[in-house]
Amino acid sequence: MLLVRPSAFGANPETAASNAFQQEVPAGAEQKVQQKALDEFNQFLLKLWAARVNAVVVNDPETPLTPDAIFPNNWISFHKGGKVVLYPMLSPTRRQERHPELLAQLQEEHGLPFTEVIDLTYFEKEGKFLEGTGSLVLDRQHKIAYACLSDRTHLEPLEVFCEKMGYRPVVFHAVDSNNVPIYHTNVIMSIGVDFALVCLEAIQDEEEQGLLLEALVDTGKEIIDLSLAQIKKMAANMLQVRNKAGEPVLIMSEKGYRALRKDQFEVLNQLTKMVRADLRTIEAHGGGSARCMLAEIFV
């Protein structure tokens, strides 16, 4: 698991237009917000380590200023066999998070073998984007890429990803309670080994919803249907991983955890261990939560 410790966390005005979860930082509060985000990051990391989750941490360089660097899953993903995918991103500021030297650092300092880098960033010149495992919710076992189309998730780079990685796309549109398009798939959906958290209410097209449900049922997922109110509280922005003991662990924020109903919690509690952390500052000003902070590493 790759995490990036922030050096200049804050609200990015370039991403605010398409991220309804994001709030501005009050004037003069920039340093205070950075420190709070750093404290939350460090506490989150300690909880992952306590749960025996293997977490690799790199520090965000002080220059250039990249307020969203805490969310590495949007620009890179790692896959079995040593494949790495680099993604096209909407915000020019966010594109600066892609540090080629990071791969060298992971190889040299952590012994991670990377056999192939699949670079999709050329789509930025065409104004087409696919923001990593924000845009994609991957069922890695069954090779399905779930994707909610938006200003940050376009069909063409999605199709190229699926072709190169051997995935089948399941595509749909989704909106929030104000009928605003959902910016990233991973805020309305999360796939576990034997369950799926998903907000069906957000998917208004019956045919698209039917195809999504069909794929989930066919792959044996127990469906936990979330409401739009729960989505506002980051109840889908979770990631299930295996820890060093091979145990399934579902990682989430405290806010997302508290948004779960009792019956939903009971289902998850039977299927997986859970780890939660207070990420309120990161959620408020970054517009992302626990899942967005994690880029899975496979070797």
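Can you list the HN-Hα couplings for segment 207-219, worked out from phi with the Karplus curve (6.51, -1.76, 1.60; θ = phi - 60°), rounded to whole Hz and with x for Gly and Pro?
5, 5, 5, x, 5, 5, 4, 4, 5, 5, 5, 4, 9
With all distinct Cα pairs included, what does the Kirkwood hydrodynamic radius of segment 213-252 come out to in Å, to one decimal, could you say? Don't jump to the answer; show the numbers that get you there.
Numbers: mean 1/r = 0.0829 Å⁻¹.
Evaluated over segment 213-252, this radius sits at 12.1 Å.
Based on the alpha-carbon gyration tensor of segment 71-216, what equivalent-ellipsoid semi-axes (square roots of 5 times the eigenvalues) come out, in whole Å, largest first?
Working: eigenvalues 144, 63, 34 Å².
Computed over segment 71-216, the values are 27, 18, 13 Å.
Run lengths n ≥ 4 of DSSP H only: what is the helix-derived mean residue ellipticity at 222 nm for the chain, with -39500 (n - 2.57) per run over all residues, to the nearest 500?
Details: 11 runs with 96 residues, N = 299.
The per-residue figure over the chain is -9000 deg cm²/dmol.
Would you please give the residues with an amide H less than 5 Å from that of VAL170, counting only those at least 5 places away or on a separate chain, with H modeled from the backbone geometry?
Hits under the 5 Å cutoff: ALA145, TYR146, ALA147.
On average, how much area does the Cα convex hull of segment 209-299 cover when viewed from any direction, in nm²?
Details: hull surface 28.7 nm².
Projected area, direction-averaged: 7.2 nm².
Below 14 angstrom from the Cβ of GLY166, what's the summed charge of the other residues (Lys, Arg +1; Asp, Glu -1)? Numbers along the way, then the final one.
Values: positive: LYS80, LYS83, ARG140, LYS143, LYS164, ARG168; negative: GLU116, ASP139, GLU159, GLU163.
That sum, taken over residues with Cβ under 14 Å, equals +2.
Could you list, in their original order, any pairs among LYS32/LYS232; LYS128/LYS255; LYS80/LYS244; LYS83/LYS128; LYS36/LYS262 whose Cα atoms are separated by more than 27 Å? Before the final figure, lay out each step's value.
Details: LYS32/LYS232 24 Å; LYS128/LYS255 32 Å; LYS80/LYS244 17 Å; LYS83/LYS128 22 Å; LYS36/LYS262 30 Å.
Violating the 27 Å Cα-Cα cut-off are LYS128/LYS255; LYS36/LYS262.
Scan segment 238-299 for chymotrypsin sites (Phe, Trp or Tyr not before Pro) in coil per DSSP, keeping those whose Cβ has at most 16 other Cβ atoms within 10 Å, and list them by number. Walk me through the numbers before you get to the answer.
Working: sites: TYR257, PHE265, PHE298; in loops: PHE298.
Taking segment 238-299 and a limit of 16 other Cβ atoms within 10 Å, the loop chymotrypsin sites (Phe, Trp or Tyr not before Pro) found are PHE298.
I need the Kirkwood Rh of segment 8-100: take the reciprocal of the average 1/r across all distinct C-alpha pairs and report it in angstrom.
Details: mean 1/r = 0.0667 Å⁻¹.
Here the Kirkwood hydrodynamic radius works out to 15.0 Å.
Could you run the Karplus curve 6.51 cos²θ - 1.76 cosθ + 1.60 with θ = phi - 60° over segment 172-189 and give me ³J(HN,Hα) per residue in whole Hz, x for Gly and Pro?
Going residue by residue, I get 7, 10, 8, 9, 8, 5, 9, 6, 8, x, 5, 7, 9, 5, 6, 8, 10, 7 Hz, with x marking Gly and Pro.
For a quick size check, give me the Cα extents of the chain along its three principal axes, largest first, whole Å.
Here the spans come out as 46, 42, 39 Å, largest first.
Apply the Karplus curve 6.51 cos²θ - 1.76 cosθ + 1.60, θ = phi - 60°, to the phi angles in segment 25-37 and return the couplings in whole Hz, x for Gly and Pro.
Going residue by residue, I get 8, x, 4, x, 9, 4, 5, 5, 5, 4, 5, 5, 5 Hz, with x marking Gly and Pro.
Out of every Cα pair in segment 140-299, what percent are spaced more than 21 Å from each other? List each step's numbers first, then the result.
Values: 5741 of 12720 pairs.
So the pairs more than 21 Å apart make up 45 percent of the total in segment 140-299.
Add +1 for every Lys or Arg and -1 for every Asp or Glu among the other residues with Cβ under 13 Å from the Cβ of LYS128, and state the total. Please report the intermediate quantities before stating the final value.
Numbers: positive: LYS125, ARG152; negative: GLU124, GLU126, GLU131, ASP151, GLU156, GLU159.
Local charge sum for LYS128: -4.
By DSSP, what percent of the beta bridges with both residues in segment 2-293 are antiparallel, rounded to the nearest 5?
Numbers: 18 of 40 bridges.
Rounded to the nearest five, the antiparallel share is 45 percent.
What are the residues whose amide H is under 5 Å from the amide H of GLN240, where those residues sit 5 or more places off or on another chain and H is modelled from the backbone?
Those lying under 5 Å, H to H, from GLN240 are ILE251.
Give me THR93, THR153, THR272, THR115 ranked fewest to most by other Cβ atoms within 10 Å of their Cβ, as a rough exposure proxy. Please list the in-between numbers first.
Working: THR93 18, THR153 24, THR272 21, THR115 9.
If I rank by nearby Cβ atoms, fewest first, I get THR115, THR93, THR272, THR153.
No lab work stands behind these numbers, since they all come straight from the coordinates. This one's a predicted model, so the numbers in the text were calculated from it and none came from an experiment. Reconstructed Cβ throughout: ideal geometry from the backbone, glycine too, with neighbour counts over all protein chains shown.
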